[in-house]
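The values are calculated or read from the model by the stated rules, or taken from the named source; none is laboratory data. Bear in mind that the values here come from a model prediction, so they are computed numbers and not experimental data. Backbone-built Cβ (ideal geometry, glycine too); neighbour counts: all protein chains shown.
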Amino acid sequence: MDFNFTEEQDMVRDGLSRLVREQYDWETRRKAIASGAGWRPEVWAQLAELGILGMPFSEADGGFGGGAVDAMIIMQEFGKGLVIEPFVPTVVCAGGFLKHGGTAAQKEEHIGGIVAGSSVFAFAYAEPKGRYDYADLETTAKKDGAGYVLNGHKAVVIGAPWASHLVVTARTGGERRDRSGVSVFVLPKDTPGVTTRDYVTVDGRRASEVYLENVSVGAGALIGAEGEGLALIELVTDEAIAALCAEACGAMKVAHAMTVEYSRQRKQFGVPIGSFQVLQHRMVDMYTAYEQALSLTYLATLRLGSDEVERKKAVSAAKVGVGQAARLIGQEAVQIHGGNGVTDEYAIGHFFKRLTIFDSEFGNVDHHLKRHVALS
Amino acid sequence: MNLEFTPEEQAFREEVRSFIAENYPKHLADFGMREDMSREDFLAWHKILGKKGWSVPAWPVEYGGTGWTPTQRYIWSEENARASTVMPLPFGVSMVGPVIYTFGNAEQKAKHLPGIVSGDVWWCQGYSEPGAGSDLASLKTTAVRDGDHYVINGQKTWTTLAQHADWGFFLCRTDPTAKAQEGISFILVDMKTPGVEVKPIKLLDGGYEVNETWLTDVRVPVENLVGVENKGWTYAKFLLAHERSGIAGVARSKRGIEKLREIAANETLDGAPLIKDFDFAKKVSQLEIDLAALEITELRTLAGEQAGKGPGPESSILKIKGTEIQQRLTELTLEAVGTYSAPYMGGVSNDNGSNEHPVGPDYAQHAAATYFNMRKTSIYGGSNEIQRNIITKMILGL
């Protein structure tokens with residue numbers, strides 16, 4: 001048993017921490033969100049330069065040989081600054097599909113672009129009626145010669161407005177919600193027949209509704225075996241969940257620290273409000289919830305390579321525990337900030353918003369409690 | 001004891017239900033967010049009710065009240081909630097109005113009450129300051145007597161919808177040497193007076209519901225003082241107790257739970273309606289149980305009022321539980337909406353002026369914004385921590 005980080009991992013954290021602190025200050029972030037592009041491509045380029053975008057890929061694939069723990073460290077730092085750039089969709093999701101299911105040719109074609117920062121991916125898995133079930137798909141991919149024709153509507157695709165490529169899930173066979181018959185495709189976003197409607201999300205990111213109308217792709221677009229994609233999707237989304245949990249931990253840590261600091265500064269009845277025991281104990285509960293959430297995030301991250309049942313149970317445990325902590329810490333942080341907590345001006349409200357939307361990504365608390373029950 | 005309505009009360013319900021059906025402006029049915037409403041929208045129903053004589057039911061009849069029993073008033077608010085009407089704002093009707101008819105002089109009553117009844121005059125509340133929130137009595141805004149005028153200087157904050165206000169009621173310090181709660185006066189200010197400046201505050205849901213209000217050498221005639229100079233804290237507390245009892249929002253939450261059930265019937269989980277999912281349905285029932293308790297608690301309070309007792313410290317229970325239920329309702333609505341909770345205003349960005357049809361179902365459009373916005377309810381009107389302090393002190397005697 002070892003909860004220590006390597007020297008290299010400490011260096012990655014320090015470097016990223018500096019980048020977030022020095023170049024991701026609140027005003028710059030606010031301006032980027034309000035800008036036409038909605039993100040900062042120059043930050044993305046810097047992340048590529050620092051080797052962050054290539055971290056979780058093997059050296060053979062052109063990366064730097066990192067793993068899930070490295071992704072966790074990276075995401076914690078991103079969470080502390082509420083970084084909006086699409087690391088999870090591009091590196092964790094698309095990267096994960098390529099690593100675990102891609103052919104040599106697909107890796108060759110895409111990983112270099114991810115590592116260099118020139119390719120940006122979005123993962124189109126959700127559908128308007130699918131809720132959190134990856135197999136509840138109305139989108140279809142029909143065999144057409146050697147390739148496929150895709151039709152359907154993917155919902156709330158995070159980062160799609162910035163993406164050059166999409167990873168799309170679609171049904172190649174079976175009935176809606178069947179475990180078999182689900183397939184995964186990778187395609188350039190400018191493939192004829194792909195249209196998007198882009199918008200801002202409540203937590204400051206960008207997303208799209210993605211419409212696929214007779215989109216023709218070659219056989220090389222299919223990742224993994226046709227109709228056998230669900231297990232691969234579950235693996236990759238478990239990795240994404242672990243990464244998002246790490247991001248939430250970073251955000252919770254800062255939200256808690258900001259609240260404690262505010263309670264020191266804010267005076268009412270002639271004393272700092274942090275001297276009131278009723279608030280002290282609530283901040284202790286927030287702290288405890290954060291530490292427990294961090295432990296579950298470690299557990300999930302370290303179990304990503306375990307057998308399927310162990311992995312899924314650990315990841316669901318983390319999504320439940322972090323989801324509950326995110327709600328508690330977000331709500332209490334706003335409450336203890338009083339009126340200032342509900343303003344756009346104070347940073348705390350933005351942490352609250354990000355921690356709120358976290359729950360709806362890749363299955364909420366109830367969904368993962370059910371999955372945990374089913375596996376127990 | 002019984003919970004049944006009398007035949008007369010049932011007839012009354014029919015009467016108000018058909019009045020609402022026939023007279024409520026159609027274009028204001030089921031309005032999503034207050035931020036999207038114009039001044040006229042806010043006042044439309046108020047003005048109709050003013051003409052009918054129903055805009056201030058709780059007031060004494062001589063000032064425009066309806067003379068309804070608390071049960072009738074309860075039926076009235078239930079029927080309005082059922083129709084999701086935009087009710088008259090509380091600043092005139094439930095706050096300054098009762099202060100004026102209870103503590104004001106004849107001229108003040110004659111000058112200000114008719115405008116509140118008719119809905120022609122919009123009031124705002126100048127209580128909180130940047131340094132005086134929960135500790136309201138530490139307020140620093142001063143009113144200094146200068147001949148026939150007070151000269152007011154200071155900064156108020158969280159002045160809700162002051163951007164539309166014609167008049168405001170302000171707590172100002174008139175005796176800087178007195179202890180905190182003493183030396184405060186309750187003064188009415190025409191918002192068009194030179195030196196009054198209202199600056200919007202952007203909230204985390206993206207809307208502009210509250211403001212900073214700056215007062216710089218604002219000259220106000222002394223006849224705008226309500227009651228006795230330096231006794232304003234008494235009136236302020238009287239007003240807060242009135243505000244608290246209205247804050248429970250039981251009827252609105254009832255309607256909100258119905259809407260939540262409709263949303264959950266429309267959302268699917270594993271191919272079945274979400275509302276059939278035991279885990280989710282259980283949470284909705286728990287909320288309904290909490291609300292049922294609150295409803296009876298409120299009715300008991302109303303019955304006490306009917307027996308001649310004013311709203312006392314137990315109104316703090318209504319504020320705490322009422323706002324917790326309102327918040328939980330928005331939380332469950334957000335959960336029901338699922339993936340489509342993320343688009344901002346259904347993908348319609350305020351900033352680029354887009355008016356496209358929202359993405360996702362219509363009911364998802366405001367789910368996140370409403371959840372964010374409702375965090376204010378446990379903070380305003382005396383935070384829920386302050387309400388617990390009131391119960392500790394006034395009821396437990398600790």
Requested in this report: Determine, yes or no, whether A:GLY323 is over 30 Å from B:ASP270 (Cα atoms) and either modelled with pLDDT of 95 or more or surrounded by fewer than 22 Cβ atoms within 10 Å (Cβ to Cβ) (or both).
Outcome: no
Filter the range B:370-386 for residues that are aliphatic (A, V, I, L, M) and more than 9 Å from chain A (Cβ to nearest Cβ); the one that is nearest to the chain's Cα centre (by Cα) is B:MET374
Residues of the range B:40-72 being in contact (Cβ under 8 Å) with a residue 40 or more places away in the chain and of a type in the set (Asp, Glu), in sequence order, are B:ASP41
Subset of the range B:354-369, residues buried (at least 19 other Cβ atoms within 10 Å of the Cβ), more than 8 Å from chain A (Cβ to nearest Cβ) and not in a loop (DSSP other than H, G, I, E, B), comes to B:TYR363, B:ALA364, B:ALA367
Across (1) at pLDDT 95 or above; (2) surrounded by fewer than 16 Cβ atoms within 10 Å (Cβ to Cβ), B:PHE280 clears everything bar (2)
Listed by first then second residue, the pairs whose first member lies in the range A:82-106 and is buried (at least 22 other Cβ atoms within 10 Å of the Cβ), whose partner is among the charged types (D, E, K, R) and not in a loop (DSSP other than H, G, I, E, B), with beta carbons under 6 Å and at least 6 positions apart or on separate chains, are A:LEU82/A:ARG354; A:VAL92/A:GLU239; A:GLY96/A:GLU239; A:LEU98/A:LYS107
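If we keep just the residues of the range B:286-309 that are over 19 Å from B:GLU78 (Cα atoms) and surrounded by 12 or more Cβ atoms within 10 Å (Cβ to Cβ), which is modelled with the lowest pLDDT? Even if it seems obvious, please write down each step before you answer.
Initial filter on the range B:286-309 (over 19 Å from B:GLU78 (Cα atoms)): B:286, B:304, B:307-309.
With surrounded by 12 or more Cβ atoms within 10 Å (Cβ to Cβ) added as a condition, the list becomes B:286, B:304.
Details: B:GLN286: 98, B:GLY304: 78.
So, considering only residues that are over 19 Å from B:GLU78 (Cα atoms) and surrounded by 12 or more Cβ atoms within 10 Å (Cβ to Cβ), the one modelled with the lowest pLDDT is B:GLY304.
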Exactly one of B:ARG300, B:ARG252, B:ARG261 is away from every other protein chain (no Cβ under 14 Å), in contact with a Ser or Thr (Cβ under 9 Å, 6 or more places away or on another chain), charged (D, E, K, R) and in a helix (DSSP H, G or I), and that residue is B:ARG252
Q.
Among the residues of the range A:129-140, are any buried (at least 22 other Cβ atoms within 10 Å of the Cβ) and more than 30 Å from B:ALA264 (Cα to Cα)?
A. no
Of the residues in the range A:1-40, those that are outside any loop (DSSP other than H, G, I, E, B), free of Cβ contacts under 8 Å to residues at least 12 places away in the same chain and within 24 Å of A:ILE114 (Cα to Cα) come to A:GLU8, A:ASP10, A:MET11, A:ASP14, A:ARG18
So the strands (runs of 3 or more DSSP E) completely within the range B:95-170 holding 1 or more residues that are of a type in the set (S, T, N, Q), in contact (Cβ under 8 Å) with a residue 60 or more places away in the chain and within 14 Å of chain A (Cβ to nearest Cβ) are B:149-157
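Looking only at the range B:216-228, count every residue that is surrounded by fewer than 18 Cβ atoms within 10 Å (Cβ to Cβ), at negative phi and not hydrophobic (A, V, I, L, M, F, W, C) and tell me the total. Before you say what the answer is, go through the steps one by one.
Let us first name the residues in the range B:216-228 that are surrounded by fewer than 18 Cβ atoms within 10 Å (Cβ to Cβ), namely B:216-217, B:219, B:221-223, B:228.
So of that shortlist, the ones also at negative phi come out as B:216, B:219, B:221-223, B:228.
Checking which are not hydrophobic (A, V, I, L, M, F, W, C) leaves us with B:216, B:219, B:221, B:223.
Summing the residues that are surrounded by fewer than 18 Cβ atoms within 10 Å (Cβ to Cβ), at negative phi and not hydrophobic (A, V, I, L, M, F, W, C) in the range B:216-228 gives 4.
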Picked from the range A:123-161 (must be aliphatic (A, V, I, L, M) and farther than 17 Å from A:THR196 by Cα), the residue farthest from the other protein chains (Cβ to nearest Cβ) is A:ALA146
Filtering the range A:175-211 for residues that are touching a strand residue (DSSP E or B) at 6+ places or on another chain (Cβ under 9 Å), away from chain B (no Cβ under 14 Å) and in a loop (DSSP other than H, G, I, E, B) leaves a count of 6
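If you check A:PHE362, A:PHE352, which single one turns out to be hydrophobic (A, V, I, L, M, F, W, C), more than 8 Å from chain B (Cβ to nearest Cβ), under 21 Å from A:ILE84 (Cβ atoms) and touching a residue at least 60 places away in the same chain (Cβ under 8 Å)? Talk me through it step by step, then tell me what you get.
Values: A:PHE352 fails: more than 8 Å from chain B (Cβ to nearest Cβ).
The unique qualifying residue is A:PHE362.
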Across (1) part of a strand (DSSP E or B); (2) under 26 Å from B:GLY104 (Cα atoms); (3) more than 14 Å from chain A (Cβ to nearest Cβ), B:PRO176 clears everything bar (1)
From the option list B:LYS199, B:LYS231, single residue qualifying as modelled with pLDDT of 95 or more, more than 14 Å from chain A (Cβ to nearest Cβ) and under 26 Å from the mean Cα position of the chain (by Cα) is B:LYS231
B:LEU240: passes all of (1) under 21 Å from the mean Cα position of the chain (by Cα); (2) part of a helix (DSSP H, G or I); (3) modelled with pLDDT of 90 or more but (3)
Just wondering, is there one or more residues in the range A:331-344 that are surrounded by fewer than 20 Cβ atoms within 10 Å (Cβ to Cβ), at negative phi, more than 8 Å from chain B (Cβ to nearest Cβ) and touching a Ser or Thr at 6+ places or on another chain (Cβ under 6 Å)? no
Those residues of the range A:164-219 which are closer than 25 Å to B:PRO361 by Cα, surrounded by fewer than 20 Cβ atoms within 10 Å (Cβ to Cβ) and in contact with a helix residue (DSSP H, G or I) (Cβ under 9 Å, 6 or more places away or on another chain) amount to A:THR196, A:ARG197, A:ASP198
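For the range A:261-285, give me each residue that is surrounded by fewer than 17 Cβ atoms within 10 Å (Cβ to Cβ), closer than 29 Å to B:ALA180 by Cα and of a type outside the set (Phe, Trp, Tyr).
Going residue by residue through the range A:261-285, those that are surrounded by fewer than 17 Cβ atoms within 10 Å (Cβ to Cβ) are A:261, A:264-265, A:267, A:269-272, A:275, A:277-278, A:280-281, A:284-285.
Filter again for closer than 29 Å to B:ALA180 by Cα, leaving A:261, A:264-265, A:267, A:269-272, A:275, A:277-278, A:280-281.
Of everything in the range A:261-285, those that are surrounded by fewer than 17 Cβ atoms within 10 Å (Cβ to Cβ), closer than 29 Å to B:ALA180 by Cα and of a type outside the set (Phe, Trp, Tyr) turn out to be A:GLU261, A:ARG264, A:GLN265, A:LYS267, A:GLY270, A:VAL271, A:PRO272, A:SER275, A:GLN277, A:VAL278, A:GLN280, A:HIS281.
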Restricting attention to the range A:160-172, does a residue exist that is farther than 12 Å from A:ALA124 by Cα, in a loop (DSSP other than H, G, I, E, B), out of contact with any Pro (no Cβ under 8 Å at 6 or more places or on another chain) and not hydroxyl-bearing (Ser, Thr, Tyr)?
-> no
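If I filter the range A:262-272 for residues that are of a type in the set (A, V, I, L, M) and either touching a helix residue (DSSP H, G or I) at 6+ places or on another chain (Cβ under 8 Å) or touching a residue at least 60 places away in the same chain (Cβ under 8 Å) (or both), do I get at least one hit? Steps first, please.
Initial filter on the range A:262-272 (of a type in the set (A, V, I, L, M)): A:271.
Subsequent filtering for residues that are either touching a helix residue (DSSP H, G or I) at 6+ places or on another chain (Cβ under 8 Å) or touching a residue at least 60 places away in the same chain (Cβ under 8 Å) (or both) retains none.
Checking the range A:262-272: not a single residue is of a type in the set (A, V, I, L, M) and either touching a helix residue (DSSP H, G or I) at 6+ places or on another chain (Cβ under 8 Å) or touching a residue at least 60 places away in the same chain (Cβ under 8 Å) (or both).
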Tell me, please, whether a residue that is surrounded by fewer than 20 Cβ atoms within 10 Å (Cβ to Cβ) and within 14 Å of chain B (Cβ to nearest Cβ) can be found in the range A:303-320. no
(message) Condition check: within 14 Å of chain B (Cβ to nearest Cβ), basic (Lys, Arg) and either part of a helix (DSSP H, G or I) or farther than 20 Å from A:HIS367 by Cβ (or both). Does A:ARG264 satisfy that?
(response) no
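What do you reckon, is A:GLY147 over 24 Å from A:GLY96 (Cβ atoms), touching a residue at least 60 places away in the same chain (Cβ under 8 Å) and either surrounded by fewer than 22 Cβ atoms within 10 Å (Cβ to Cβ) or not charged (D, E, K, R) (or both)? Explain how you work it out, then say what you get.
Working: over 24 Å from A:GLY96 (Cβ atoms): no; touching a residue at least 60 places away in the same chain (Cβ under 8 Å): yes; either surrounded by fewer than 22 Cβ atoms within 10 Å (Cβ to Cβ) or not charged (D, E, K, R) (or both): yes.
No; evaluated as a whole, the condition is false for this residue.
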